[in-house]
Amino acid sequence: MSILPVFLELQAVHDNLSTIQRDLTNFPPDMSRLDSELKTLVKRLEAAEKTLAEATTTISNLGKDLQLAEKLEGLARVGVKSATQKVQFTAAIRELDERERQKVAVQRPLKEAEARKLRSAKEVGELAARQEDLKAQFAGLHEIFLSEHENQVAARDILLARKLDLEKQLEQVELTRFNKLIQVRQGKAVTPVENGTCTGCRTKIRTPLLTQLRETSSLCCEYCQRILYTPKQL
């Protein structure tokens with residue numbers, strides 16, 4: 001059985017869903033403002049969470065370095081106390097000074113990382129709270145908006161159900177190919193051939209391919225990979 005009718009109807013369903021989706025996201029000014037602010041907030045929150053995670057990792061690494069520096073400093077202090085000769089004592093003091101400098105060198109960036117973590121944690125908390133507030137405001141307005149477009153919402157639900165039915169009629173490899181084309185070819189996976197030309201990319205189809213197209217229902221354009229059909233196949 002030819003799968004071309006399934007591809008064609010599935011394409012039509014996608015086209016109609018895209019149209020409905022555009023209408024259902026064409027928000028009034030107050031909703032558009034909230035939607036835009038929410039999108040900006042998501043990016044800011046992601047950046048703050050990334051900074052927080054980086055600071056946490058830095059603190060963990062520097063904490064280990066500090067433990068090692070403190071251990072070496074402790075050993076150096078023992079060396080100073082146990083030195084019995086002037087030469088040994090002088091060398092032990094130099095060693096202790098070096099270990100103390102190493103510890104300070106770790107403590108400074110560690111404190112900076114801890115302060116950065118506190119700032120980031122505070123920012124994440126504030127942004128998350130703001131996000132929840134905006135989501136609640138948007139959800140309330142969106143519910144009203146959808147109630148004013150209930151016919152389109154109902155049509156969308158019907159189309160989504162039909163989309164699932166059609167997808168079940170395709171083999172997984174065919175469905176994967178179709179969905180990939182929808183994503184990479186501006187929502188057009190299936191396109192007709194007119195005057196020997198693919199109407200999707202305006203490329204002339206080779207004669208052997210046109211001949212083969214009369215015998216199969218799932219031939220693809222050699223250039224844009226869209227699924228081709230001719231009016232005679234309908």
Criterion (farther than 30 Å from K39 by Cβ and either surrounded by fewer than 12 Cβ atoms within 10 Å (Cβ to Cβ) or among the β-branched types (V, I, T) (or both)) met by exactly one of V104, V124, V153: V104
What's the number of the condition L170 fails, among (1) touching a residue at least 12 places away in the same chain (Cβ under 8 Å); (2) closer than 22 Å to D15 by Cβ; (3) part of a helix (DSSP H, G or I)? (3)
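Among the residues of the range 77-95, is any of a type in the set (D, E), assigned by TED's automatic domain parsing to the domain that holds S120, under 15 Å from Q107 (Cβ atoms) and in a helix (DSSP H, G or I)? Walk me through how you get there before you give the answer.
Residues of the range 77-95 of a type in the set (D, E): 95.
Pick out the ones that are also assigned by TED's automatic domain parsing to the domain that holds S120 and you get 95.
Among the residues that remain, those that are also under 15 Å from Q107 (Cβ atoms) are: none.
The answer is no, given that none of the residues of the range 77-95 is of a type in the set (D, E), assigned by TED's automatic domain parsing to the domain that holds S120, under 15 Å from Q107 (Cβ atoms) and in a helix (DSSP H, G or I).
Limited to the range 23-59, what total is found for residues that are out of contact with any helix residue (DSSP H, G or I) (no Cβ under 7 Å at 6 or more places or on another chain) and assigned to a helix (DSSP H, G or I)?
Just the residues of the range 23-59 that are out of contact with any helix residue (DSSP H, G or I) (no Cβ under 7 Å at 6 or more places or on another chain), to begin with: 25-26, 28-29, 32-33, 36, 39-40, 42-43, 46-47, 50, 53-54, 57.
Still in the running and assigned to a helix (DSSP H, G or I): 29, 32-33, 36, 39-40, 42-43, 46-47, 50, 53-54, 57.
Residues flagged as out of contact with any helix residue (DSSP H, G or I) (no Cβ under 7 Å at 6 or more places or on another chain) and assigned to a helix (DSSP H, G or I) within the range 23-59 amount to 14.
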Of all residues in the range 80-93, count the ones that are touching a helix residue (DSSP H, G or I) at 6+ places or on another chain (Cβ under 9 Å) and surrounded by fewer than 12 Cβ atoms within 10 Å (Cβ to Cβ). 2
Among the residues of the range 1-22, how many are surrounded by 15 or more Cβ atoms within 10 Å (Cβ to Cβ) and assigned to a helix (DSSP H, G or I)? 13
State all residues of the range 180-196 that are surrounded by fewer than 15 Cβ atoms within 10 Å (Cβ to Cβ) and either of a type outside the set (K, R) or touching a residue at least 60 places away in the same chain (Cβ under 8 Å) (or both); if no residue qualifies, say none. Q183, V184, Q186, G187, E194, N195, G196
Restricting the range 197-234 to residues that are outside any helix (DSSP H, G or I) and basic (K, R), the residue that is surrounded by the most Cβ atoms within 10 Å (Cβ to Cβ): R226
Pairing a residue in the range 96-107 that is within 9 Å of L72 (Cβ to Cβ) with any residue that is surrounded by 13 or more Cβ atoms within 10 Å (Cβ to Cβ), where Cβ atoms lie under 6 Å and the two sit 6 or more apart in sequence or on different chains, gives R99/L72; R99/E73; R99/A76; Q102/A69; K103/A69; K103/E73
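The values are calculated or read from the model by the stated rules, or taken from the named source; none is laboratory data. Note that the structure is predicted; figures quoted are calculated from it, not measured. Counting neighbours? That spans all protein chains shown, and the Cβs are built from the backbone with ideal geometry, glycine included.
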